Every structure is written in structure tokens, then in C-alpha cells.
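What follows is a single structure, written as C-alpha cells, with notes after it.
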Amino acid sequence: QRVRDRVRRPGPLAVASSRRILFPFVAHALSQRALDAALRLAVAEGATLVPVFLARVSLDLPLDAPLPRQCSMAVPLLEAIEQRATEAGVPVDSRIERGRNRRHALRRAIAQERFDRIVMAAAAMDSPGFDADDVAWLLDNAPGEIVVLRAATPAGIGLRTGRAVPVGSHL
């Protein structure tokens, strides 16, 4: 067997459907699990992944002011997402959206982008993501399907009770 036959190469990008999956994140809240889920959904649906870095612009600056510090964080993250998506055969259409806070940037993103589904990470004990208020706001204001992933809790520990919860039971 030749060496090149043993090297796993990404397949050609599939012809993208018109479906689009919005994947919002901020610099310190890029969840690997949420990204994996968004990529699995994009592969299954033949959708384009639209990662959106939400950049915060302070009130003392114009909304369109240059943001070199945030861009220096956003570009490597967007490139890493694009590389993972390319390996999975998923087309990517990356964005940076500005706002006065993450919710304002998210509001602008959902108003300006065309998408069928949003996949995002919820913050939980020491895991990156959006807080419950942001998730609730999104559920009330965003069109389309919304998938919110929260990091798993330690094996078998109930979220509210601290006791073991059998699979399939309700808290």
C-alpha cells in the first residue's frame, strides 16, 4: 500500500444545499462539543456552516471602528473552524458580527443572515457558552430551529438534585 493511500485526505466538498446553520460564538466561549454537533448536522443536511464571531464594541467607539485585538482572536478561531469543516466536507461562510454586547451582536447576526438553524453552546459549570438569559432571549426572538448544547455533567449526577438519575428519567 502506498503512503498516499494511507493518508486520510478530506473528500471533495459536497455541493451545498440552500440550508445554512448559524454557529455563533465569542472568543472565550468556543465549545468543541457544539462545533462537533454543528458539523454533524451540516454533513447530514448538506448544509453550509456559518460560524459567526460576536465582537464587542465598547460604547465609546463607533460601531464600525477597527477592532484589531478582537480580530486577532477571531481570525485564528474562524480558520480553525474552517479547517475542521473542510476535513468534514462542509462548506463554510464565516462572519464577524459587531455589537455593544454579545446579545446585540447576536441580534444583528440573526437579522442580517439567512439561516435555517442555530447551533450554540450553553454555559455550564466551567464550560464556555451563552448564559441562560441569552439562550432565553434567543428562543423568544430568533426564527428557525435552535439547538443549544450544554456540557455533560459528571457521570450520573443529577443537575439539580445532586443524586444519580437513571437514563430516560425526568428531574
Expressed per residue, the solvent accessible area of the stretch 11-102 in Å² (1.4 Å probe) is about 50 Å²
Output ordering of 36-42, 109-115, 138-144, 62-68 (per-residue mean of other Cβ within 10 Å, highest first) is 36-42, 109-115, 138-144, 62-68
The answer for A55, listing residues at least 5 apart or on another chain whose modeled amide H is closer than 5 Å to its amide H, is E97, R98, G99
Taking a crude spin-label model, label points 7 Å out from Cα along the C-beta direction, the L61 to H104 distance in nm is 1.2 nm
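The values are calculated or read from the model by the stated rules, or taken from the named source; none is laboratory data. Just so it is clear, the structure is predicted and the values come from calculations on it, not from any experiment. All Cβ positions, even for glycine, are placed from backbone atoms using ideal geometry, and neighbour counts span all protein chains on display. The protein model used for the area step is the full one, side chains on, heavy atoms only, and it has no ligands, DNA or RNA in it. Shrake-Rupley method; radii C 1.70, N 1.55, O 1.52, S 1.80 Å.
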